[in-house]
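Asks: There's a structure below that I have some questions on.
The values are calculated or read from the model by the stated rules, or taken from the named source; none is laboratory data. Given the structure is predicted, the values throughout are model-derived calculations rather than measurements. Every residue, glycine among them, receives a Cβ derived from its backbone with ideal geometry; neighbour counts consider all protein chains shown. We work out accessible area using only protein heavy atoms, side chains counted, and drop any ligands, DNA or RNA first. Shrake-Rupley method; radii C 1.70, N 1.55, O 1.52, S 1.80 Å.
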Amino acid sequence: MEFDGMTVAQLCSQLQSLAHDGYAVHAIEIATECDNCTSDIILDNPILEIIKAEDNHSVKLLFRNRG
């Protein structure tokens, strides 16, 4: 699987630009591939939680389905 990707800052900028154009994120699709398996996960109308780790100043983005 090839993925050009983008940084988190680029993602935020792109999302902001889309929001200004009237778009909204209603689903997130996650495609994974490892060894001999592939999996597609769709989060419909997801909730985002930002978790900060004070010890090493890292941030985890946790996406969940709205339940």
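Asks: What is the number of the single condition among (1) open to solvent by 70 Å² or more (accessible area, probe 1.4 Å); (2) closer than 23 Å to ASN65 by Cβ; (3) of a type outside the set (Phe, Trp, Tyr) that GLN10 does not meet?
Replies: Here GLN10 clears every test but (2).
Asks: Assess whether ILE41 counts as being open to solvent by less than 70 Å² (accessible area, probe 1.4 Å) and touching a Ser or Thr at 6+ places or on another chain (Cβ under 9 Å).
Replies: Here the answer is no, as ILE41 does not meet what is asked.
Asks: Take the residues in the stretch 18-29 that are surrounded by fewer than 10 Cβ atoms within 10 Å (Cβ to Cβ) and under 18 Å from ILE42 (Cβ atoms); name whichever of them is nearest to the chain's Cα centre (by Cα).
Replies: Result: GLU29.
Asks: Something else now. Select from the stretch 31-67 the residues that are under 16 Å from VAL8 (Cβ atoms) and of a type in the set (A, V, I, L, M) and list them in ascending order.
Replies: Selection gives LEU48, ILE50, ILE51, ALA53, VAL59, LEU61, LEU62.
Asks: Ok, one more. Return the only residue of LEU62, LEU15 being aliphatic (A, V, I, L, M), surrounded by 10 or more Cβ atoms within 10 Å (Cβ to Cβ) and in contact (Cβ under 8 Å) with a residue 12 or more places away in the chain.
Replies: When all the criteria are applied, what remains is LEU62.
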